[in-house]
């Protein structure tokens, strides 16, 4: 089992994708949705420290309401499960100085999220947004690594993805 010393900062898109799953026990067909929900359960299994900012929580709630009103209940359940079963920390939103530091590193819409992640000092920032977070500028400026939920589960937790082909990766046609 991975140590509880590992801390993660979650981007809102991971919470949104996990919440949109049809239920907390079913995995929807979308890869992001299924992977995000599996990732949430992996955090619980490994008792990782999960950090978010108030802005992440608000952004996730807003996006879930826009995309799938029924998923709001799932989002609330996920937050309760995380808060009740592992070290779940809501960090303060970043200061103006912290935001200014992050401005040249990422897209303007993601600056407050990156600034909050930097402030929280995680080991990893988990996001589906490869373009805005998983890039050379962020990598050079931050003391943490940015990864998708899939890559984190594979590289850090050593969880191998399940495939329909009995262990062999399936080729996806364009």
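Overview of values
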{"quantity": "Neighbour-count ranking [beta-carbon atoms within 10 angstrom, fewest first] of 98, 76", "calculated": "76, 98"}
{"quantity": "Exposure proxy ranking, count of Cβ atoms within 10 Å, fewest first, for 145, 70", "calculated": "70, 145"}
{"quantity": "Length released on extending from residue 89 to residue 65, taking residue separation times 0.36 nm less the Cα-Cα span", "calculated": "6.3 nm"}
{"quantity": "Ordering of 136-143, 89-96, 37-44 by packing [mean C-beta count within 10 Å, highest first]", "calculated": "37-44, 89-96, 136-143"}
{"quantity": "Within segment 102-138, backbone nitrogen closer than 20 Å to the virtual label 7 Å beyond the Cα of residue 58 toward Cβ", "calculated": "102-103, 107-120"}
{"quantity": "Relative compactness, segment 7-155, computed as alpha-carbon Rg over 2.2 N^0.38 Å", "calculated": "0.98"}
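Each reported figure results from applying straightforward, stated rules to the coordinates on display, with no laboratory input. Only a predicted model underlies this, so the values are computations on that prediction, with no experimental measurement involved. Don't worry about glycine lacking a Cβ; one is built from the backbone with ideal geometry, like all the others, and counts go over all protein chains shown.
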